[in-house]
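S.K.: Dropping a structure here in structure tokens format, bear with me for questions.
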Amino acid sequence: MMIKNMKNLIIVCACLLLALNSCKRDGYYEDGGKANPNFNGDMLAYLESKPVPFDTIAQIVKLAGLEETFRTSEFTFFALDDDVIKRTIGDKNDVGSLNWQLFFVGKDTVKALSDINPLIWKKYLQRYMFTGVNRLKDYPQIDLGLQSLYPGGLYYSLSGTVCNIGAVYNDVNGVKYLGYRNLSLSYVYDLSNPDDKSNPIKISSSDIKPKNGIVHTLSFSFGYFGFNPNDFMLEVYNSGLTTSN
């Protein structure tokens, strides 16, 4: 009996230690590994300090007329990487890309980022920008397999679109929700039907802290600019390129 009680005590203590360890992991994480969260500069300076993978994103910030915002305003930015832009624009041989579609209908293709209307860059970059300074710990729990109980939360971006954002509490050694935490983000296509959303995007690094906000970096393998590529591509098509106006 004493041995059984001792085993139970050991199990309880182990679970408590795991829980306490999990609670401490609200700092800056790269795929679950802790690092220094602070960056001694503004948000744009942070992007410029990492030409791989954010050189193109930093250029788009400037083209969109958002340089001052990224220098002085406080907000939360879900930073997509340069490969997302390259994948979205593509070339005439990249099926489904912007340039493939423009070439298919006999339009000029994009040769430089500045070919695209700055207002379009601004609108779609703002889909990744949210008011407030929100760290991982500030978001509600989401369980992607049990969203009826842990649904995350709905958040308006600065463009007026909505994303579902939540903190995933991972399992450890078969014990639910006691492992490390990471963020998940999904674009909601229709607010009247919040279940109609994009596939969840993993946040590879969270809680990076420049002087004027928080940066969470999206997984490098994630999709297209603006979440819904058809929105961005249709606007570029309708607006025309600056080189062809």
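S.K.: Only one residue in 86, 92, 50 is free of Cβ contacts under 8 Å to residues at least 12 places away in the same chain and either within 18 Å of the chain's Cα centre (by Cα) or surrounded by fewer than 16 Cβ atoms within 10 Å (Cβ to Cβ) (or both), so which one is that?
M.R.: Residue meeting the stated conditions: 50.
S.K.: Does residue 155 fit the bill of being open to solvent by 10 Å² or more (accessible area, probe 1.4 Å), closer than 29 Å to residue 52 by Cβ, in contact with a Phe, Trp or Tyr (Cβ under 6 Å, 6 or more places away or on another chain) and modelled with pLDDT of 95 or more? Break it down stepwise before answering.
M.R.: Details: open to solvent by 10 Å² or more (accessible area, probe 1.4 Å): yes; closer than 29 Å to residue 52 by Cβ: yes; in contact with a Phe, Trp or Tyr (Cβ under 6 Å, 6 or more places away or on another chain): yes; modelled with pLDDT of 95 or more: yes.
For residue 155, the condition - open to solvent by 10 Å² or more (accessible area, probe 1.4 Å), closer than 29 Å to residue 52 by Cβ, in contact with a Phe, Trp or Tyr (Cβ under 6 Å, 6 or more places away or on another chain) and modelled with pLDDT of 95 or more - is met.
S.K.: Any idea how many residues of the stretch 193-242 are surrounded by fewer than 20 Cβ atoms within 10 Å (Cβ to Cβ) and in a helix (DSSP H, G or I)?
M.R.: Residues in the stretch 193-242 being surrounded by fewer than 20 Cβ atoms within 10 Å (Cβ to Cβ) and in a helix (DSSP H, G or I): 9 in total.
S.K.: Take the residues in the stretch 60-83 that are of a type outside the set (Phe, Trp, Tyr) and part of a strand (DSSP E or B); name whichever of them is surrounded by the most Cβ atoms within 10 Å (Cβ to Cβ).
M.R.: So, considering only residues that are of a type outside the set (Phe, Trp, Tyr) and part of a strand (DSSP E or B), the one surrounded by the most Cβ atoms within 10 Å (Cβ to Cβ) is 76.
S.K.: Consider the stretch 95-108. How many of its residues are open to solvent by 30 Å² or more (accessible area, probe 1.4 Å) and either over 26 Å from residue 201 (Cα atoms) or among the polar types (S, T, N, Q) (or both)?
M.R.: Residues meeting the conditions: 7.
The values are calculated or read from the model by the stated rules, or taken from the named source; none is laboratory data. Model, not experiment: these values are computed from the prediction. Every residue, glycine among them, receives a Cβ derived from its backbone with ideal geometry; neighbour counts consider all protein chains shown. Just the protein is used for accessible areas: all its heavy atoms, side chains included, with ligands, DNA and RNA removed. Shrake-Rupley method; radii C 1.70, N 1.55, O 1.52, S 1.80 Å.
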